[in-house]
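Q: First, the structure itself, so that you have it in front of you.
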Amino acid sequence: MINKKFAALSATAVAAALALTGCSTSSATSPSNTMSGMDHGSGMMSSSARAATSDHNAADTMFAQGMIPHHEQAVEMSETMLKKQDIPTAVTDLATRIKAAQAPEIETMTGWLKSWNESATMGAGHSMDGMMGDDDLKKLEAAQGAEAARLFLQQMIVHHEGAVMMAKTETSQGKNAEAIKLSKDIVTAQESEIQEMKDLLATL
């Protein structure tokens with residue numbers, strides 16, 4: 001009887017243990033599997049994002065390296081105008097928009113170069129279309145009122161035309177999808193602003 005009872009108890013204990021183990025495995029595995037799937041999924045997305053970001057060619061690198069200082073100068077010129085008095089509101093509004101649009105793009109392109117393990121500066125022998133020289137910037141700094149507004153618009157038209165040329169080169173020769181998209185956005189925005197500036201010049 002003892003043996004039978006012991007055997008019965010043992011069988012019951014084993015069954016209970018198995019049931020508990022099964023529940024434990026099920027409850028532990030289920031979240032674990034779910035988390036694992038989530039981790040795996042997010043890992044895949046991160047890898048995909050990294051791959052998309054790092055997938056670039058020399059044209060993408062040159063675009064970012066050149067457009068960063070180009071944008072920086074546009075921001076500098078805009079800030080110069082915003083410090084002046086007696087500037088037409090339409091011109092200060094334009095300067096404000098240029099600064100607001102291009103400053104974040106500088107950060108974006110700087111991030112790309114870092115993720116691509118590329119230098120943040122362009123190598124020697126490369127030039128950027130539409131850049132103002134030191135003398136140009138000094139003239140803009142010294143000018144006041146309507147004269148400053150006219151000079152700013154004239155210089156920024158040339159500056160924008162250079163940026164559009166650089167962006168179109170990226171659109172046709174680049175490889176990175178994000179960089180190509182930005183280049184198209186730059187063309188659209190700056191061609192519109194070029195026309196706006198020409199119209200403003202006609203009123204001054």
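Q: Summing Lys, Arg as +1 and Asp, Glu as -1, what charge do residues with Cβ under 15 Å from the Cβ of Thr188 carry, Thr188 excluded?
A: On the way: positive: Arg97, Lys168, Lys181, Lys184; negative: Glu105, Glu161, Glu170, Asp185, Glu191, Glu193, Glu196.
Local net charge: -3.
Q: Please give every one of the aspartates and glutamates within straight-line cross-link reach of Lys168, meaning a C-alpha to C-alpha distance under 18 Å, and leave out same-chain neighbours fewer than 8 residues apart.
A: Straight-distance partners of Lys168: Asp60, Glu105, Asp129, Glu178, Asp185, Glu191, Glu193.
Q: Which of the lysines could be linked to Lys139 by a straight reach, that is with a Cα gap under 21 Å, when you skip same-chain ones fewer than 8 residues away?
A: Lys83, Lys84, Lys99, Lys198
Q: 7 Å from Cα along Cα→Cβ at both Glu147 and Asp93: what's the point-to-point distance in nm?
A: Placing both labels 7 Å beyond Cα along the Cβ direction yields 2.7 nm.
Read-outs throughout are calculated quantities, based only on the coordinates presented, and are distinct from any laboratory measurement. In this text, all values refer to a predicted model and were calculated from it rather than measured experimentally. Glycine also receives a Cβ, built like all others from the backbone with ideal geometry; neighbour counts cover every protein chain displayed.
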